[in-house]
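The structure appears below as structure tokens.
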Amino acid sequence: DQQVKQNSPSLSVQEGRISILNCDYTNSMFDYFLWYKKYPAEGPTFLISISSIKDKNEDGRFTVFLNKSAKHLSLHIVPSQPGDSAVYFCAASRRVTYGGSQGNLIFGKGTKLSVKP
Amino acid sequence: EADIYQTPRYLVIGTGKKITLECSQTMGHDKMYWYQQDPGMELHLIHYSYGVNSTEKGDLSSESTVSRIRTEHFPLTLESARPSHTSQYLCASRTTGRSRTEAFFGQGTRLTVV
């Protein structure tokens, strides 16, 4: 059963507008969340993260919002640019303990974002 | 920029061949991971290591094996490649500590078994 879900396989937005990518999780023990961007035939690159003690984290054009009660997070990209076109993965992990697998990152299936000029 | 490297980037190989995918990082990270990813699917963890001489199987069963003899090196081996092994293989590393950190990924190896 998927613990991290990205229910929209694709999203298309116009350049300059806002892109909103959504992610839901089922494991209430997750307390650290990340967004990665991936181009075809490349490895994912880290974009932004958020700890469960926060509800918002901002870095330039990228803002991540966390709603713990709804087990939902979203990535906002404003303004969207054609270079943002890629697959975006949401990932989550539990508190790290020495040994064990709790700290491993669990990924969603990704959302393919297309930003049209 | 992340200092984690994977070779080869692309590999086409015949069924039954033995292959080793290389992964090295120069960041001194103790945790290293191998993920497998098919188009439109999530990254599935197949192996991880928390340090030298430590290796564990991940959530997705895999016929591959790994070793961690040196901190910086985490190779993945398939003794006998099959078409079902065709996929993208992604290596990552991460540091541990009290604060949370992201994982850094290599550029991946696209494996095709014919």
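Give me the residue from region A:1-43 that is open to solvent by less than 20 Å² (accessible area, probe 1.4 Å) and not in a strand (DSSP E or B) and, out of that set, farthest from A:Thr111 (Cα to Cα).
A:Gly43
Having 3 or more residues that are closer than 23 Å to A:Ser12 by Cβ and open to solvent by less than 70 Å² (accessible area, probe 1.4 Å) is the bar; report the strands (runs of 3 or more DSSP E) wholly within region A:47-91 that clear it. Spell out how you get there, then give the answer.
Values: elements: A:56-59, A:62-67, A:72-77.
Because the criterion is at least 3 residues that are closer than 23 Å to A:Ser12 by Cβ and open to solvent by less than 70 Å² (accessible area, probe 1.4 Å), the strands (runs of 3 or more DSSP E) in region A:47-91 that meet it are A:62-67, A:72-77.
Can you find, within region B:25-43, the residue that is modelled with the highest pLDDT among those that are more than 8 Å from chain A (Cβ to nearest Cβ), open to solvent by 20 Å² or more (accessible area, probe 1.4 Å) and more than 10 Å from the chain's Cα centre (by Cα)?
Out of the qualifying residues, it is B:Thr26.
What is the number of the single condition among (1) on the phi > 0 side of the Ramachandran plot; (2) touching a strand residue (DSSP E or B) at 6+ places or on another chain (Cβ under 6 Å) that B:Asn53 does not meet?
With (1) on the phi > 0 side of the Ramachandran plot; (2) touching a strand residue (DSSP E or B) at 6+ places or on another chain (Cβ under 6 Å) applied to B:Asn53, the lone miss is (2).
Looking only at region B:6-24, which residues are surrounded by fewer than 20 Cβ atoms within 10 Å (Cβ to Cβ) and either part of a loop (DSSP other than H, G, I, E, B) or hydrophobic (A, V, I, L, M, F, W, C) (or both)?
Hits for region B:6-24 are B:Pro8, B:Arg9, B:Leu11, B:Val12, B:Ile13, B:Gly14, B:Thr15, B:Gly16, B:Lys17, B:Lys18, B:Ile19.
Let's see how each residue does on (1) within 14 Å of the chain's Cα centre (by Cα); (2) free of Cβ contacts under 8 Å to residues at least 60 places away in the same chain; (3) more than 10 Å from chain B (Cβ to nearest Cβ):
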site	(1), (2), (3)
A:Ser12	no, no, yes
A:Leu21	yes, no, yes
A:Leu47	yes, yes, no
A:Phe62	yes, yes, yes
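The values are calculated or read from the model by the stated rules, or taken from the named source; none is laboratory data. Note that the coordinates shown come from a computational prediction; the quantities given were computed from them, not determined experimentally. Neighbour counts are summed over all protein chains in view; Cβ atoms, including those assigned to glycine, are modelled from backbone coordinates with ideal geometry. Areas reflect the complete protein model, heavy atoms only, side chains present, ligands, DNA and RNA absent. Shrake-Rupley method; radii C 1.70, N 1.55, O 1.52, S 1.80 Å.
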